[in-house]
1. For the chain, what does the helix formula give at 222 nm: sum of -39500 (n - 2.57) over DSSP H segments with n ≥ 4, over the residue count, nearest 500 deg cm²/dmol?
2. Cα to Cα, under 18 Å, and not fewer than 8 places away if on the same chain: which lysines meet these conditions relative to K128?
3. Can you tell me the dipole magnitude for the chain around its Cα centre, using point charges on the Cβ only (Lys, Arg +1; Asp, Glu -1), in Debye to the nearest 20?
4. Taking a ≥ b ≥ c as the square roots of the eigenvalues of the Cα gyration tensor of the stretch 37-156, is the shape rounded (a/c under 1.5), prolate (a/b larger than b/c) or oblate?
5. Using the Kirkwood radius built from alpha carbon pairs, what does the Stokes-Einstein equation give as D for the chain at 25 °C and 0.890 mPa s, in µm² per second?
6. Please compute the contact order of the chain in relative form: average sequence separation of alpha-carbon pairs under 8 Å and at least six residues apart, divided by the residue count, as a percent.
7. Largest first, how would T137, T2 line up by accessible area (1.4 Å probe)?
8. For the chain, what does the accessible surface come to per residue with a 1.4 Å probe? Please give it in Å².
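The values are calculated or read from the model by the stated rules, or taken from the named source; none is laboratory data. Everything quoted here is computed from the prediction, not taken from an experiment. So basically every Cβ, Gly included, is an ideal-geometry build from the backbone, and we count neighbours across all protein chains shown. Remember, those area values only see protein heavy atoms, side chains included, never the ligands or the DNA or RNA. Shrake-Rupley method; radii C 1.70, N 1.55, O 1.52, S 1.80 Å.
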Amino acid sequence: MTKAIIFDLGGVIIDLGFDEMVKKFDQLGIKNFGDAFNPLRQIDFFEQLELGSISSEEFYKKFRKNFLTDLSNDQIEATWNLIIKDFKIERMLLLEKLAQNHPLYLFSNTNAIHARYFEKNCLNQLGKPLSHYFHETFYSHELHLRKPEPAAFKEVLRRAKLQAEETLFIDDNHENILGAKSVGLQTYHLKFPEDLLDINFKNIFSHEKSNIDNYQII
């Protein structure tokens with residue numbers, strides 16, 4: 001029985017503009033940004049920021065030192081934020097409909113810089129804060145824990161007072177799915193080009209009468 005859902009953010013709820021970001025950094029003179037920060041690997045100070053173990057100001061200093069650049073904090077921030085695409089209204093409407101029957105949670109490996117940006121975007125684009133769509137949100141830089149570490153999932157379950165076997169976790173990253181499975185979570189691996197709207201939630205909640213029948217996309 002599925003009683004709650006935990007969603008990843010990037011690649012599930014919002015799309016990511018990795019290529020656009022790397023291209024812009026290249027134009028600014030940083031030719032190897034994609035080697036230092038990509039879906040499979042992040043050099044140490046990116047991970048430190050995601051764990052909340054360094055401040056944004058410390059991150060900018062480490063960034064300039066590593067890439068031998070004199071870019072300002074604002075230039076780094078604006079370019080790095082290009083990875084975060086706009087919210088899609090259809091996905092957010094789906095979340096609102098799902099939330100009528102089940103508590104929804106957000107668990108993202110992110111950092112203070114990106115979180116400030118996508119939360120502002122959500123409010124500007126949709127007229128509602130991101131917290132409107134979720135019972136509770138969990139960010140790695142606030143937890144000081146990151147996916148796919150089992151301890152990160154256990155802490156989210158503890159804080160949300162959820163039972164792993166009754167909770168579905170949706171993510172586009174295979175390693176995160178494995179980490180979630182290791183603590184007993186139900187999982188759904190969203191594989192590109194599949195979209196969140198393609199998931200047949202009626203089947204997931206087949207044990208009950210649901211008001212999400214219109215979202216039988218597959």
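1. Calculated from helices alone, the mean residue ellipticity at 222 nm is -12000 deg cm²/dmol.
2. K85, K88, K97, K120
3. Its charge dipole is roughly 280 debye.
4. It is oblate, given that a/c is not under 1.5 and a/b is not larger than b/c.
5. 134 µm²/s
6. Numbers: 328 pairs, mean separation 58.0, N = 218.
Normalised by residue count, the contact order of the chain is 27 percent.
7. T137, T2
8. 51 Å²
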